[in-house]
Amino acid sequence: MSPVRFGLTLRRLKEQLIEDFGENEEVCLIGIQPRGTILMKHILQLIDTEKVKFKIFEGHLDITFYRDDFRRREKMLMPDYNKMDFLIEGRDVVLIDDVLYTGRTIQAALNALQHYGRPATIKLMTLIDRRFNRHLPIQCDYKGMEVDAVDNAYVQVNWGAAKDHQVLLFDSKPEK
Amino acid sequence: MINSYLSQPHLLGIKYITKEDIELILQTADNFKEVINRPIKKVPTLRDVTIANLFFENSTRTKISFELAEKRLSADVLNFSSGGSSVKKGESLLDTVNNILSMKVDMVVVRHSIAGTPSFLSQHIDANIVNAGDGTHEHPTQALLDAYSIREKFNSFQGLHVCIFGDIAHSRVALSNIFCLQKLGAKVAVCGPPTLIPKFLDDLGVKVFYRVKEALEWCDVANVLRIQLERQDVKYIPSLREYALYYGIHRELLDSLKKEVVIMHPGPINRGVELDSDVADSSQSIILEQVENGVAVRMAVLYLLAGNSPM
């Protein structure tokens, strides 16, 4: 994805948010830790530069304790920080993550969100949608781009300085 | 048995785990402290784990704290206390525990008046064991929550002076605290009447004070312990009144110091004996924070020991 296209995609996602929620009074943007939060921050930066009427609640949601693969992995699941200092009761929520793959992360996030109240609606925004790799019936409402890859492939979004963002496609998950 | 994320499958004592283990537990406890301050204080992490709390000795705080930690992690909890059980009918420890385990229990939290019980169990049964206090040996989760509370107050252990006051000889909290704080880099001292200070402490590199005032001048944190009358078969001190007079920590003593010492106590407090009420309830004391942190630290221990299970 070229830097220009990357920037345009982020702008489009922002515009779609404003189009859908511009007339609302408030919306909760919740980034899934850690990588969803990064995308959320980039979108928020774009929103801040314009005059929007709705109030934004910004949440950072860590879903480690809600994952369905806890105790089924070799490696330890290390939690990230969680910052949710508002309730989502009766509000519109947009969950944000970088890559939508199997859908299990989103399922965990939906479970985690139950602990903060009963929202009016929950929508999902992801930068990358790997539409043929889903394990669960979960779809996203706002997507940056679609990547069609085999199951073992790994898509990584690298957030660099201003215009150095990259989307990388690997044959398999790279060793850290 | 479940594979733990710590270097050991069990938490038998601080002596057996590494500095990295302790740091991992404290770091994970941060996350759980955030969880227990949420409107809904529960996460589904251990929903497929069954934990038995076997308390062969009286306990209020530790038992409630473990039970709360387990429930907040959504584990299934089974409570057992020796009073009113078949232990009174002459059943052996191993038989009792094996019977409970045959009902498919994954983890066991055990407290017993005999030192080494958790270690004995770990050699004979197939479950992760957490020591919730064994005789005068160790009480690892108490030491971890004490360390967590100190870390919250001071951020670092390097060069920190912590003094443990009171009945060191009969205290499992003292031994676990010494191991834990030393592994984290703090300097540890003890203070108490000579009859209640064990002889081997020099080998552990622990400083010994016999006068409270000197010890208070040396330390940044004072962890005050209870006189364990139930573990004393002979008289170690002439009277509680004399102990309170010479070894009790009271307001005038603290006011005579040039600095503010942080006061800790693992509970239950004998008010007016080792600690005066106005000290225990003052802003210097972090006793209630210790209790709150206890749940978060125990959640972290259970979470890390639960680790991954081969399906």
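The values are calculated or read from the model by the stated rules, or taken from the named source; none is laboratory data. This structure is a prediction, so every number in the text was calculated from the model and none was measured. Positions of Cβ are generated from backbone atoms using ideal geometry, with glycine treated the same way; all protein chains shown enter the neighbour counts.
Can you name the residue in the range A:53-77 that is in a strand (DSSP E or B) and more than 30 Å from residue A:151 (Cα to Cα) and, of all such residues, is nearest to the other protein chains (Cβ to nearest Cβ)?
Checking each candidate, the answer is A:59.
The residues listed here are A:108, A:120; of these, the one that is surrounded by 17 or more Cβ atoms within 10 Å (Cβ to Cβ), over 17 Å from residue B:34 (Cα atoms) and among the aliphatic types (A, V, I, L, M) is A:108. Please enumerate the residues belonging to the range B:177-188 that are buried (at least 20 other Cβ atoms within 10 Å of the Cβ) and outside any helix (DSSP H, G or I). Residues satisfying the conditions are B:186, B:188. Residue B:252 falls short of the stated requirement of being closer than 20 Å to residue B:169 by Cβ and either at pLDDT 85 or above or not assigned by TED's automatic domain parsing to the domain that holds residue B:57 (or both).
Scanning for something within 19 Å of residue A:66 (Cα to Cα) and touching a helix residue (DSSP H, G or I) at 6+ places or on another chain (Cβ under 9 Å), does the range B:55-68 turn up at least one residue? Yes, the range B:55-68 has at least one match. Considering A:88, A:96, the condition of being within 14 Å of chain B (Cβ to nearest Cβ), among the aliphatic types (A, V, I, L, M) and buried (at least 16 other Cβ atoms within 10 Å of the Cβ) is satisfied by A:88 alone. Within the option set B:146, B:202, being modelled with pLDDT under 90 and in the same structural domain as residue B:257 (by TED's automatic domain parsing) holds for one residue only, B:202. Among the candidates A:151, A:80, the residue that is among the acidic types (Asp, Glu) and away from every other protein chain (no Cβ under 14 Å) is uniquely A:151.
Name the single residue that is farthest from the other protein chains (Cβ to nearest Cβ) among those in the range B:1-54 being in contact (Cβ under 8 Å) with a residue 40 or more places away in the chain and among the basic types (Lys, Arg). Looking at the filtered set, the residue picked out is B:15. Would you pick out the residues in the range B:52-82 that are among the hydrophobic types (A, V, I, L, M, F, W, C), closer than 18 Å to residue B:40 by Cβ and touching a Lys or Arg at 6+ places or on another chain (Cβ under 6 Å)? Within the range B:52-82, just B:69 meets the criteria. Within the range A:91-120, the set of residues being under 13 Å from the mean Cα position of the chain (by Cα), over 21 Å from residue A:14 (Cα atoms) and outside any helix (DSSP H, G or I) comprises A:101, A:103. Working only within the range B:104-162, note down all residues that are touching a strand residue (DSSP E or B) at 6+ places or on another chain (Cβ under 9 Å) and at positive phi. The answer is B:104, B:116, B:133, B:135, B:159.
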